[in-house]
Amino acid sequence: MPSAYCNRAIAIATQEWQRFGGQVRALNGHLAPDGHEETEEPFSTTINSYWRAVNPSSSLTGKDVNVPWSAAFISYVMTQADQGTPKAFRVARAHRSYIRWAIDNRLNAVPGARFIGWPLPLRVIEPGDIIGKFRENDDDSIEGMTYDEAAVTTKSYGAHCDLVVAVNGQVADVIGGNVSDSVTKTQLRLNLDGTLPGSPTSWFVAIQALL
């Protein structure tokens, strides 16, 4: 069963997904209904609240379309779930920052670590997990990413993360920001053992919350 913290994060992500219109990308790739987009008001201003979870003085909004806001969305969800307690999650404007931190927590057995980054074959996906994947960017020298590479690389690779909000059999529902220019729920097929299929050009890490 998800912890109280994970349940709060799931509820917050679901609330934001509903706010943006409840857009779903099904297993077959079909996207419906049309969600509200990042440049629309008041949704553009809502995205500023995500950015302020990373930097309280940020003026970025959804109208800054050249600045990906998916990491800000995850940062907002996870810090809101803290309910005023000391912030356990390492907020970041780029997913690779907290991915590296969570992987370091596992590989170095950091005492008291609250977020642990697992290679996909070792983690049965559960609600409350944050899953991360490689995302193409302007640096065409990086063609993919693996767990082991993410643990040591100094390169600024592109990444994206979603929060797992439900697991039903071999299907996981995940919610992320800046997906098709909105907050979107995506359905993913799991392996028979409950792990997430991965590859260097797709998913490569699952972050477990231990609080």
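Here the simple spin-label model places points 7 Å from the Cα toward Cβ, and for ASN108 and THR39 these points are separated by 4.3 nm. One decimal place: the segment SER156-SER59 gains 32.6 nm when fully extended, by the rule 0.36 nm per residue minus the C-alpha distance. Here the simple spin-label model places points 7 Å from the Cα toward Cβ, and for GLN15 and ALA94 these points are separated by 3.1 nm. Placing +1 on the Cβ of every Lys and Arg and -1 on the Cβ of every Asp and Glu, with no other charges, gives the chain a dipole of roughly 660 debye about its Cα centre. Using a cutoff of 8 angstrom between alpha carbon atoms and counting only pairs six or more residues apart, the relative contact order for the stretch 1-124 works out to 17 percent. Taken per residue, the accessible surface of the stretch 70-134 reaches 42 Å², heavy atoms only and a 1.4 Å probe. Here's the picture: charge each Lys and Arg Cβ at +1 and each Asp and Glu Cβ at -1 in the chain, and of PHE89, ASN48, SER156 the one pushed furthest to the positive end of that dipole is PHE89. Cα centroids of the stretch 141-169 and the stretch 52-126: 12 Å apart.
For the stretch 49-156, the dipole from Cβ point charges (+1 on Lys and Arg, -1 on Asp and Glu) about the Cα centre works out to 440 debye, to the nearest 20.
The residues LYS185, LYS133, LYS155, sorted by heavy-atom accessible surface at 1.4 Å with ligands and nucleic acids left out, run LYS155, LYS133, LYS185 from largest to smallest. Dipole of the chain computed with +1 at Lys/Arg Cβ and -1 at Asp/Glu Cβ about the Cα centre; of ASN137, VAL167, ALA26, farthest Cα towards the positive end is VAL167. Within the accessible area of the stretch 46-127, what % is carbon and sulfur when the probe is 1.4 Å and the other protein chains stay in place? Carbon and sulfur: 50 percent of the exposed surface of the stretch 46-127.
Helical runs assigned H by DSSP (4 residues or longer) give the chain a calculated mean residue ellipticity at 222 nm of -8000 deg cm²/dmol, each run adding -39500 (n - 2.57) before division by the residue total.
The values are calculated or read from the model by the stated rules, or taken from the named source; none is laboratory data. These numbers were taken from a predicted model, which means no experiment stands behind them. Neighbour counts run over all protein chains shown; Cβ positions are idealised from the backbone, glycine included. Just so you know, the surface numbers come from the protein's heavy atoms only, side chains and all, with ligands and any DNA or RNA stripped out. Shrake-Rupley method; radii C 1.70, N 1.55, O 1.52, S 1.80 Å.
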